[in-house]
Amino acid sequence: MQGEQSFSKCSACHNIESPRTRLGPHLMGVVGRHAGSVPDYKYSQAMTDAGASGLIWDEDKLRAFLSSPKKVVPGTSMRFFGLWSETEIDNLIAYLKTVSAPQ
Ligand code: HEC
């Protein structure tokens, strides 16, 4: 799957094969997940607040976040500059959707 290859740009900081923290929270089942909701990950205040005010990672929000993290969550500690084409983002989201949340 193309999106799976693109995930190599995320995997330095994010696990998707096990619910373990790297620099960022794991991304198992992230599509449809509340922002800031992995229990043992210490999010930035900005991400915690975004989750508390109802941000959910649906496809639109993920697309916007990956294009420009700081536009969606000003003050996020995710350092990633959204250098992506829309096609690449779509492929990546399609891949993320195939991975369900840990049981
Ligand atoms: C340099 C490290 C780094 C890279 C590369 C990176 N991230 Fe992140 N990501 C983070 C950090 C740190 C956070 C936590 C942000 C916060 O608390 O504000 C985060 C948070 C997130 C969140 C919010 C998760 C949640 O539980 O609310 C999503 C979604 C996300 N990243 C997706 C991605 C995707 C997809 C990629 C690859 C395109 C990526 N990230 C690349 C470090 C990174």
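The values are calculated or read from the model by the stated rules, or taken from the named source; none is laboratory data. Fair warning: this is a prediction, and the values are worked out from it, not measured in the lab. As a convention, Cβ positions derive from the backbone with ideal geometry for all residues, glycine included, and neighbour counts pool all protein chains shown. The area values use the complete protein model at the heavy-atom level, side chains included, leaving out ligands, DNA and RNA. Shrake-Rupley method; radii C 1.70, N 1.55, O 1.52, S 1.80 Å.
What the table below lists for this structure:
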quantity: Count of residues meeting criterion [more than 6 Å from the ligand (Cβ to nearest atom), within 18 Å of Val99 (Cα to Cα) and either open to solvent by less than 40 Å² (accessible area, probe 1.4 Å) or in a loop (DSSP other than H, G, I, E, B) (or both)] in the stretch 38-61; calculated: 1
quantity: Search result, residues across the stretch 69-103 that are part of a helix (DSSP H, G or I) and open to solvent by less than 60 Å² (accessible area, probe 1.4 Å); calculated: Pro69, Val72, Glu88, Ile89, Asn91, Leu92, Ile93, Ala94, Tyr95, Leu96
quantity: Residue check for Gly29: outside any loop (DSSP other than H, G, I, E, B), under 24 Å from Asn91 (Cβ atoms) and more than 7 Å from the ligand (Cβ to nearest atom); calculated: no
quantity: Near pairs, Cβ below 7 angstrom, 6+ apart or cross-chain, from the stretch 62-84 (over 21 Å from Arg22 (Cβ atoms)) to any residue that is of a type in the set (Ser, Thr, Tyr) and modelled with pLDDT of 95 or more; calculated: none
